[in-house]
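A.B. asks: I'd like to ask you about the structure that follows.
The values are calculated or read from the model by the stated rules, or taken from the named source; none is laboratory data. What you see is a predicted model; the values in this text were computed from it and never measured. Here the Cβ positions follow ideal geometry from the backbone for every residue, glycine too, while neighbour counts run over all protein chains shown. The area values use the complete protein model at the heavy-atom level, side chains included, leaving out ligands, DNA and RNA. Shrake-Rupley method; radii C 1.70, N 1.55, O 1.52, S 1.80 Å.
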Amino acid sequence: MTEAYRDPMLAMADMQLKKAAERLGLDEGMQAWLRTPERKLEVAVPIRMDDGSIRVFTGYRVQHSTARGPAKGGIRYHVKVTAEEVQALATLMTWKCSVVNIPFGGAKGGIAVNVKELSRGELERLTRRYAASLIPIIGSRRDIPAPDVDTDAQIMAWFDDTVAMIHGYADPAVVTGKPLDLGGSLGRNEATGRGVAQCTEFACAKMGLDPSKITVAVQGYGKVGRYAAEILHDEYGSKIVAVSDVTGAWYNPDGFDTADLSAYADAHGGLLAGYESHNPKAQLITNEALLTLDVDVLSPSAIEAQITGRNAADVKAKLIVEGANGPVTVEGDEILTRRGVMAVPDILANAGGVTVSYFEWVQGLQFNRWSLEEVRSRLYTIMHDAFEKVWSVAQDHKISLREAAFVVAVERVAEALQTRGLFP
Ligand code: NAD
């Protein structure tokens with residue numbers, strides 16, 4: 001039986017699990033076991049504000065599954081964080097880790113807060129208090145947090161330090177996404193974008209497209225989209241004809257020089273606003289128009305719910321590679337599938353990030369450092385194997401890559417549960 005959720009992402013996660021479970025012939029009991037998070041924690045996070053007053057924020061951590069290994073997932077600081085949203089994201093982390101076959105389950109955490117309203121000192125106190133509250137359930141062999149929306153390497157450093165102060169010993173595998181000097185991994189920053197570029201390569205090979213001859217539009221020029229565009233341009237020779245961010249979208253049928261785009265963004269607070277004045281060949285268009293450009297590949301790498309029932313019929317790209325989480329809605333997906341547009345789903349296409357987080361965790365457990373070449377080559381192997389597995393399941397069952405990715409992921413977790421057996 002499925003439950004009625006208010007959060008659309010949780011409803012979607014539930015629907016995708018149900019579809020995969022039915023295809024795998026899993027009974028109601030197993031479906032409920034797969035759906036229900038193992039542990040949900042809600043904590044009060046009281047902090048002293050700079051003006052001397054006390055404010056209390058609400059923090060969450062949900063561990064959806066530890067069937068295949070310790071729980072793994074980010075921590076987001078956002079006003080709209082709710083228990084259901086955190087549960088949905090934790091569930092999707094379980095499937096993401098499973099589809100790339102790394103030994104992690106899924107978790108997610110967050111605090112309902114607008115970080116822009118906090119001073120640096122308030123942000124540090126918030127993070128340290130939240131970290132201390134999670135200590136009973138986290139740890140390098142239990143649940144390993146990482147950065148997510150509005151959290152970064154500095155916040156992970158405070159988190160790590162708080163745990164070290166309380167335990168009294170160093171454990172560089174407590175969190176990932178740490179600064180390089182504190183045990184972060186080389187190649188983590190580019191990892192999600194690199195995985196997107198690699199999935200583009202693998203899908204092109206199946207479609208008979210040459211990556212050095214494709215045109216690409218990338219929505220979002222942040223931690224995912226920027227690296228995806230740079231790597232496709234620099235290493236694959238693809239033509240990046242459109243990019244965008246929250247301030248607008250830019251189109252150049254002759255293709256952009258991504259080094260110039262990135263240098264411009266670096267000089268302008270990470271944004272491309274005004275790029276058309278800097279580069280007269282860049283035509284200012286809208287984010288909506290970018291999504292329906294006549295390109296070979298579209299990579300929505302900004303935010304959720306961009307390709308919907310409203311615009312999916314107008315998408316002209318032959319291939320969609322989902323850098324963002326949930327950029328295609330259920331209605332959008334139905335239309336794309338009916339039209340035969342191939343989409344590499346988020347849980348596969350953007351799993352490069354969690355894969356290199358896994359490498360960071362392994363390096364932390366070993367007090368070791370890997371070279372950038374080693375990180376990149378291991379990432380390639382994992383992404384390639386995952387893509388091939390999902391592709392073969394899609395071919396065997398004649399289903400979309402999205403459905404196949406869920407079938408692969410759910411089957412592995414169900415098998416782990418069955419093999420472990422039911423305690424006690
Ligand atoms: P980011 O904040 O670094 O970048 C987001 C980009 O999207 C920015 O360029 C921003 O200006 C743009 N953007 C924001 N709102 C927009 C809008 N309404 N229209 C168009 N563009 C808009 O974030 P990120 O880390 O690159 O994450 C992007 C997506 O990828 C999110 O869905 C995130 O959950 C997902 N993701 C990120 C990682 C990672 O390693 N960073 C891993 C997996 C999934």
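A.B. asks: Assuming 1.567 mPa s and 4 °C, estimate D for the stretch 374-424 with Stokes-Einstein, Rh taken as the Kirkwood radius over Cα pairs, in µm²/s. Please report the intermediate quantities before stating the final value.
C.D. replies: On the way: Rh = 12.4 Å.
D, rounded to a whole number, is 105 µm²/s.
A.B. asks: Here's another thing I want to ask about it. To the nearest 20 Debye, how big is the dipole of the stretch 90-244 about its Cα centre, given +1 on the beta carbon of each Lys and Arg and -1 on that of each Asp and Glu?
C.D. replies: The dipole of the stretch 90-244 has a size of about 320 debye.
A.B. asks: For the stretch 219-265, what is the convex hull volume of the alpha-carbon atoms per residue, in Å³? Before the final figure, lay out each step's value.
C.D. replies: Values: hull volume 3.0 nm³, N = 47.
Spelled out: Cα convex hull of the stretch 219-265, divided by residues, is 64 Å³.
A.B. asks: Given a Förster distance of 30 Å, report the FRET efficiency between R420 and F367 from their Cβ-Cβ distance, rounded to the nearest 0.05.
C.D. replies: For R0 = 30 Å, the calculated efficiency reads 0.50.
A.B. asks: Across every pair of different alpha-carbon atoms, what Kirkwood hydrodynamic radius in Å does the stretch 1-96 reach? Please report the intermediate quantities before stating the final value.
C.D. replies: Values: mean 1/r = 0.0670 Å⁻¹.
One over the average 1/r among Cα pairs gives 14.9 Å for the stretch 1-96.
A.B. asks: Using modelled backbone amide H atoms (1.01 Å from N, in-plane), which distant-in-sequence or interchain residues come within less than 5 Å of S299's amide H?
C.D. replies: A217, V218, Q219, V321
A.B. asks: If all Cα-Cα distances of the stretch 118-177 are sorted into 10 Å bins from 0 onward, what percent lands in each bin, rounded to whole numbers?
C.D. replies: 23, 61, 15, 0
A.B. asks: Accessible area, 1.4 Å probe, largest first: how do T176, T419, T337 sort?
C.D. replies: Ranked list, largest accessible area first: T419, T337, T176.
A.B. asks: Taking θ as phi - 60°, what are the ³J(HN,Hα) couplings along the stretch 411-424 by the Karplus curve (6.51, -1.76, 1.60), each to the nearest whole Hz, with x for Gly and Pro?
C.D. replies: Per-residue couplings from phi come out as 4, 5, 5, 4, 4, 4, 5, 5, 5, 5, x, 9, 7, x Hz.
A.B. asks: Report the one residue of N325, A416, V390 whose Cα lies farthest in the direction of the positive end of the charge dipole of the chain (charges on C-beta: Lys and Arg +1, Asp and Glu -1; origin at the Cα centre).
C.D. replies: Ranked along the dipole, the leading option is A416.
A.B. asks: Tell me, what is the FRET efficiency for E388 and D27 to the nearest 0.05, using R0 = 30 angstrom and their Cβ-Cβ distance as r? Show your work: numbers first, answer last.
C.D. replies: Details: r = 30 Å, r/R0 = 0.99.
Between E388 and D27 the formula returns 0.50.
A.B. asks: Would you work out the charge dipole size for the chain about its Cα centre, treating the Cβ of every Lys and Arg as +1 and the Cβ of every Asp and Glu as -1, and quote it to the nearest 20 debye? Show your work: numbers first, answer last.
C.D. replies: Values: 45 positive and 54 negative charges, 183 e Å.
Roughly 880 debye, rounded to the nearest 20.
A.B. asks: Let me ask something additional. Whenever you get a sec, compute what percent of the accessible area on the chain sits on carbon and sulfur atoms (1.4 Å probe).
C.D. replies: Working: 9220 of 17840 Å².
Answer for the chain is 52 percent, counting heavy atoms of protein chains only.
A.B. asks: Accessible area per residue, 1.4 Å probe, Å², for the stretch 181-250: what's the number? Present the calculation step by step, with values, prior to reporting the outcome.
C.D. replies: Details: 2410 Å² over 70 residues.
On a per-residue basis, 34 Å².
A.B. asks: Local charge sum around G323 (other residues, Cβ-Cβ under 14 Å, Lys/Arg +1, Asp/Glu -1)?
C.D. replies: Working: positive: K96, R194, K223, R226; negative: E190, E230, D245, E304, E322, D346.
For residues surrounding G323, the net value is -2.
A.B. asks: In addition: Between E117 and A259, with labels modelled 7 Å along Cα→Cβ, what's the label distance in nm to one decimal, could you check?
C.D. replies: Taking the two extended label points, one gets 4.5 nm.
A.B. asks: Moving to a separate point now. For the chain, build the convex hull from the C-alpha positions and give me its volume per residue in Å³. If you can, show how the numbers build up before the last one.
C.D. replies: Working: hull volume 61.8 nm³, N = 424.
So the per-residue Cα hull volume is 146 Å³.
A.B. asks: For the stretch 220-363, what proportion of DSSP beta bridges, expressed in % and rounded to the nearest 5, is antiparallel? Can you show the working numbers first?
C.D. replies: Numbers: 7 of 13 bridges.
Counting only bridges with both partners in the stretch 220-363, antiparallel ones make up about 55 percent.
A.B. asks: Given a Förster distance of 22 angstrom, what is the FRET efficiency for E304 paired with H268, based on the Cβ-Cβ distance and rounded to 0.05? Let's see the in-between values first.
C.D. replies: On the way: r = 25 Å, r/R0 = 1.15.
After rounding to 0.05, the efficiency reads 0.30.
A.B. asks: Here is a follow-up. Check the straight Cα-Cα distances from K223 and name the aspartates and glutamates below 16 Å, setting aside those fewer than 8 residues away within the same chain.
C.D. replies: Within the straight-line limit of under 16 Å, K223 reaches these aspartates and glutamates: D148, D150, D152, E190, D245, D266, E304, E322, D346.
A.B. asks: In sequence order, what are the phi-derived ³J(HN,Hα) couplings for the stretch 360-377 according to the Karplus relation 6.51 cos²θ - 1.76 cosθ + 1.60 with θ = phi - 60°, rounded to whole Hz, with x for glycine and proline?
C.D. replies: Values per residue, Gly and Pro as x: 4, 4, 4, 4, x, 4, 9, 6, 10, 10, 9, 6, 4, 4, 5, 4, 5, 6 Hz.
A.B. asks: Residues of the stretch 59-92 with amide nitrogen under 15 Å from the 7 Å Cα-to-Cβ point of I166?
C.D. replies: 59-62
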